[in-house]
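Notes follow once the structure below has been shown.
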Amino acid sequence: MKRLTGLKKRNTINFYAFIAPWLFGFLVLTVYPMLESFRLSLTNTGFAGDGDYIGFQNFIQAFTIETSVLIAFKNTFLYVLMFVPCSLVLSFFLGWLLSRQIRFLGFFRSVFYIPYLTAGVAVTIMWGWLFNGTFGLINYALSFFGLQGPNWLGDKSTALISIVIMNLWSIGNGVLIMLAGIQDIPRSYFESAEIDGASTWRQIISITIPLSTPTIYFNLVIGVIGAFQLFNQPYILTNGGPVDSTMTVSLFIFRNAFEYGKMGYASAVAWALFFAIMAVVLLLQASQRKWVFYGDS
Amino acid sequence: MIKKFLSMLLATVMLMSLVTIVTAEEALSGKLTIWAWGADAEAEQREAIIQAFIKAHPELEVEYSIIPTADSVWDQKATAALTSGSGPDLIQMSPDYFGMNTKYYLDLRPYVERDGIDLDAVLVPGMINGYYDTDGKLEGFPMHANIFMMAINKDMFDEAGVAYPEQGWTLDNMLDWGKAFVGGEGAGKTYAMAKHWVMNAAMPYAGGSAPYSDDLSECYMNTPEIEKSLELYQKLILEGYMPNDAESRTIPSAILFQSGLCAMYPLGGFEAAQFLADSKENGINVGLVPMPMGIGNDGKEINVIYATGWAITTTAKNPDAAWAFMKENAFANEEMGKATAIAGMPAGKDVAENYYAKIEYEGFGTTFNDYMVQHLDLSHINPWGGTLASTGDIWANMVEAVTMDGKSPAEAMATYSQQAMDEFASYGFSTAIKAN
């Protein structure tokens with residue numbers, strides 16, 4: 001067996017010493033809870049922690065017997081389909097605007113980023129007031145145009161859309177990432193295009209968007225994962241209602257685990273959500289070869 | 001020789017054990033560990049109760065923790081401790097929140113029998129309700145309870161020329177006179193009654209029945225009375241007597257009342273002091289009237305009990321000291337009883353009637369607390385607490401279906417009542433009852 005030299009040995013020891021705290025945290029706080037939750041998902045464990053092994057019964061119940069899980073998944077997918085494309089378009093557009101040499105640029109950058117830094121619960125409650133069907137500011141503003149606003153959070157056809165709008169308000173982080181991506185595009189490309197007479201729109205279509213695709217892809221993946229885990233707004237504002245129209249999978253898991261004490265069942269649904277997210281992310285990863293252009297490709 | 005020595009030793013040990021058992025009630029010793037939940041006034045109350053016990057029992061070493069309930073901190077800690085067998089001797093529990101129907105608590109009936117306690121004589125009527133498991137086991141012992149009384153805006157009533165409600169009024173007859181309070185637009189919209197969060201728990205009783213039998217053996221979520229409750233709830237919201245769910249989530253119901261926008265507010269015992277002070281500060285002329293009765297008058301009010309008590313864990317190392325604490329808190333230690341009154345009606349009849357009921361709120365005398373004591377037995381334990389929360393959420397869906405989704409009560413019943421019945425059946429209460 002080959003013996004390590006003194007330097008290599010020291011480097012190896014240093015390597016393990018430096019990653020040990022993270023590794024410990026990862027194993028204890030991530031891997032172990034995941035394995036434990038998988039074990040729980042195969043049991044009928046209740047609040048009191050006692051449960052028997054029941055195989056895949058929780059999974060079968062979730063997807064063949066109980067309709068509310070399917071409703072939660074349907075709502076979550078709907079939210080992802082509405083929120084993620086809107087947030088991508090909006091964050092790209094705002095990122096592009098902020099990359100321009102305009103006056104008060106610093107001010108606008110702060111304006112768009114501040115909502116992201118604001119405490120989520122406070123923002124949610126504020127939006128709840130804005131969306132109030134009776135005395136909310138949004139319906140009040142609509143009344144100036146002779147429009148009768150809906151009961152945003154109290155109507156099952158608008159409740160989820162309201163949450164999408166609410167969350168679009170705080171896409172500052174996506175905007176900032178997009179801005180960094182756009183600013184990373186060499187200026188010379190735009191100068192050449194201008195000399196060739198390309199319009200601003202043409203520059204966006206032919207230069208900015210293609211060269212921003214790695215950033216768009218990153219925002220897409222992060223956005224999809226985050227959107228699948230939607231919890232705060234439905235929990236605080238609608239508690240999943242009206243009539244389960246904002247019941248998301250995360251809220252469903254929380255309710256079953258911590259309100260109904262169905263730890264095993266909630267764990268099974270949590271694993272189903274994990275697999276759903278993983279499937280979508282794998283699909284996105286497979287698709288990126290066709291539309292994401294890296295600098296070296 | 002050794003044999004003789006060992007037999008002497010054994011006899012001594014047995015004798016000492018006997019002495020310990022005989023004197024357990026009189027002389028407590030050792031360490032007692034206590035876990036309680038709570039924040040603000042509740043935490044202050046628990047602290048005062050425990051300190052009063054420590055003062056009465058200097059011979060005991062008492063170690064205690066008061067843990068917040070926010071973010072499920074209590075649920076997680078208590079569940080983990082009970083599951084792993086590392087819980088305290090004495091743990092807080094509630095028949096409507098956390099802890100019922102578990103295997104982690106001692107049956108208290110032998111203690112009650114041993115001490116010859118006549119529960120009806122020492123506890124406020126209705127106080128022990130809900131602490132018995134479906135198998136007859138007494139899982140916990142009460143500390144305090146709170147119910148509701150209706151606060152009214154007297155000026156709104158006077159301006160509308162409506163008489164103040166009196167004992168026996170129902171929500172059904174409120175549909176007549178309550179119309180006088182419904183009006184306005186936007187920020188000036190007024191209502192007859194605030195949609196307090198307790199309404200979802202109270203309304204199943206409005207139709208004159210209950211969502212399930214007292215002994216949990218039968219579920220009544222498919223009965224005409226429940227449909228009647230839904231019909232009433234629908235009218236109250238769709239016709240503007242109450243704000244709908246989305247509106248009441250964004251404007252807290254207390255603020256609605258204190259802004260002069262609704263004529264009535266179901267006032268809980270746990271919030272009375274602050275609510276009455278805030279209302280006064282906002283210039284609201286508050287009056288206090290009884291809670292409504294169910295249609296058909298089943299003798300009970302549309303009123304809900306939120307109760308809190310204690311349990312001895314099966315792993316308790318000092319169950320006798322834990323029992324002494326529970327007993328003294330409930331009725332046998334006046335100072336502990338008075339400390340309990342900080343955040344609710346004490347369980348003991350004597351301290352509830354002679355101390356708590358005499359606590360005055362400025363401008364109201366003893367009306368509020370006196371009502372709490374007198375009407376507890378006319379109220380129902382929160383029907384959707386703890387284990388039953390999942391059926392409660394199905395009821396919430398039924399309510400939303402008729403109040404926010406344009407469904408008729410009959411359609412909501414057709415869609416959800418069987419679901420509620422199945423969910424209730426899944427708890428296995430009736431199986432447990434039959435087995436015993």
Among (1) hydroxyl-bearing (Ser, Thr, Tyr); (2) surrounded by 14 or more Cβ atoms within 10 Å (Cβ to Cβ); (3) modelled with pLDDT of 90 or more - the single one residue B:83 does not satisfy: (3)
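So that you can scan it fast, the table gives a plain yes or no per residue for (1) surrounded by fewer than 18 Cβ atoms within 10 Å (Cβ to Cβ); (2) part of a loop (DSSP other than H, G, I, E, B):
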| position | (1), (2) |
| --- | --- |
| A:246 | no, yes |
| A:256 | no, no |
| A:269 | no, no |
| A:273 | no, no |
| A:278 | yes, no |
Qualifying residue in region A:115-123 (condition: of a type in the set (A, V, I, L, M), closer than 23 Å to residue A:170 by Cβ, surrounded by 15 or more Cβ atoms within 10 Å (Cβ to Cβ) and modelled with pLDDT under 90): yes
Qualifying positions in region B:1-41 - of a type in the set (D, E, K, R) and at pLDDT below 85: B:3, B:4, B:25, B:26, B:40
Residue list for region A:81-92, restricted to those being surrounded by fewer than 20 Cβ atoms within 10 Å (Cβ to Cβ) and closer than 9 Å to residue A:175 by Cβ: A:90
Region B:322-372: number of residues that are crowded, with 21+ Cβ neighbours inside 10 Å, under 16 Å from residue B:142 (Cα atoms) and within 20 Å of the chain's Cα centre (by Cα): 19
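Scan the helices (runs of 4 or more DSSP H) fully inside region B:204-273 and keep the ones with 1 or more residues being among the hydroxyl-bearing types (Ser, Thr, Tyr), away from every other protein chain (no Cβ under 14 Å) and more than 26 Å from residue B:370 (Cα to Cα).
Correct list: B:224-238.
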Hits in region B:59-88 (condition: of a type in the set (Ser, Thr, Tyr), in contact with a strand residue (DSSP E or B) (Cβ under 8 Å, 6 or more places away or on another chain) and within 14 Å of chain A (Cβ to nearest Cβ)): B:69
Residue satisfying condition, being within 30 Å of residue A:37 (Cα to Cα) and free of Cβ contacts under 8 Å to residues at least 12 places away in the same chain, within set A:247, A:278: A:278
Residue list for region A:225-250, filter: among the aliphatic types (A, V, I, L, M) and either within 11 Å of chain B (Cβ to nearest Cβ) or within 13 Å of residue A:164 (Cα to Cα) (or both): A:227, A:230, A:236, A:237, A:243, A:247
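Residue by residue, here is whether (1) part of a helix (DSSP H, G or I); (2) acidic (Asp, Glu); (3) crowded, with 16+ Cβ neighbours inside 10 Å holds:
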residue: A:15; (1), (2), (3): yes, no, no
residue: A:35; (1), (2), (3): yes, no, no
residue: A:39; (1), (2), (3): yes, no, no
residue: A:45; (1), (2), (3): no, no, yes
residue: A:71; (1), (2), (3): yes, no, yes
residue: A:79; (1), (2), (3): yes, no, yes
residue: A:95; (1), (2), (3): yes, no, yes
residue: A:103; (1), (2), (3): no, no, no
residue: A:106; (1), (2), (3): yes, no, no
Meets criteria (more than 22 Å from residue A:125 (Cα to Cα), in contact (Cβ under 8 Å) with a residue 40 or more places away in the chain and either within 14 Å of another protein chain (Cβ to nearest Cβ) or in contact with a helix residue (DSSP H, G or I) (Cβ under 9 Å, 6 or more places away or on another chain) (or both)) for residue B:276: yes
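For every residue, the table says whether it meets (1) aromatic (Phe, Trp, Tyr); (2) part of a strand (DSSP E or B); (3) free of Cβ contacts under 8 Å to residues at least 24 places away in the same chain.
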position	(1), (2), (3)
B:295	no, no, no
B:312	no, yes, no
B:315	no, no, no
B:323	yes, no, no
B:328	no, no, no
B:331	yes, no, no
B:351	no, no, yes
B:371	yes, no, no
B:377	no, no, no
Which numbered condition residue A:167 fails, given (1) within 22 Å of residue A:120 (Cα to Cα); (2) within 12 Å of chain B (Cβ to nearest Cβ): (2)
Residue in region B:295-321 that is nearest to the chain's Cα centre (by Cα), counting only those that are small (Gly, Ala, Ser) and surrounded by fewer than 24 Cβ atoms within 10 Å (Cβ to Cβ): B:299
Residues (within 14 Å of chain B (Cβ to nearest Cβ) and in contact (Cβ under 8 Å) with a residue 60 or more places away in the chain) located in region A:40-61: A:40, A:43, A:44, A:45, A:46, A:47, A:48, A:49, A:51, A:54, A:58, A:61
Condition check for residue A:152: among the aromatic types (Phe, Trp, Tyr), buried (at least 18 other Cβ atoms within 10 Å of the Cβ) and either in contact with a helix residue (DSSP H, G or I) (Cβ under 7 Å, 6 or more places away or on another chain) or facing chain B (nearest Cβ under 10 Å) (or both): yes
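Each row is one residue, and each column tells you yes or no for (1) more than 14 Å from chain A (Cβ to nearest Cβ); (2) of a type in the set (A, V, I, L, M).
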| site | (1), (2) |
| --- | --- |
| B:336 | yes, yes |
| B:375 | yes, no |
| B:393 | no, no |
| B:411 | no, no |
Candidate set: region B:395-409, residues that are more than 10 Å from chain A (Cβ to nearest Cβ) and either closer than 13 Å to residue B:245 by Cβ or out of contact with any Asp or Glu (no Cβ under 8 Å at 6 or more places or on another chain) (or both); chosen: the one surrounded by the most Cβ atoms within 10 Å (Cβ to Cβ): B:395
Residue in region B:47-57 that is more than 18 Å from residue B:327 (Cβ to Cβ), surrounded by 15 or more Cβ atoms within 10 Å (Cβ to Cβ), modelled with pLDDT of 60 or more and not small (Gly, Ala, Ser) present: yes
Only one of B:126, B:161, B:184 that is closer than 30 Å to residue B:292 by Cα and within 14 Å of chain A (Cβ to nearest Cβ): B:184
Pairs with Cβ under 9 Å, 6+ apart, first in region A:216-237 and in contact (Cβ under 8 Å) with a residue 24 or more places away in the chain, second surrounded by 22 or more Cβ atoms within 10 Å (Cβ to Cβ) and among the charged types (D, E, K, R): A:236/B:249; A:237/B:249
Identity of the residue in region B:249-272, hydroxyl-bearing (Ser, Thr, Tyr) and free of Cβ contacts under 8 Å to residues at least 24 places away in the same chain, that ends up surrounded by the fewest Cβ atoms within 10 Å (Cβ to Cβ): B:259
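The values are calculated or read from the model by the stated rules, or taken from the named source; none is laboratory data. Owing to the predicted nature of the structure, the values given are computational and were not obtained by experimental measurement. Cβ sites come from the backbone with ideal geometry, for glycine too, and all protein chains shown count toward neighbours.
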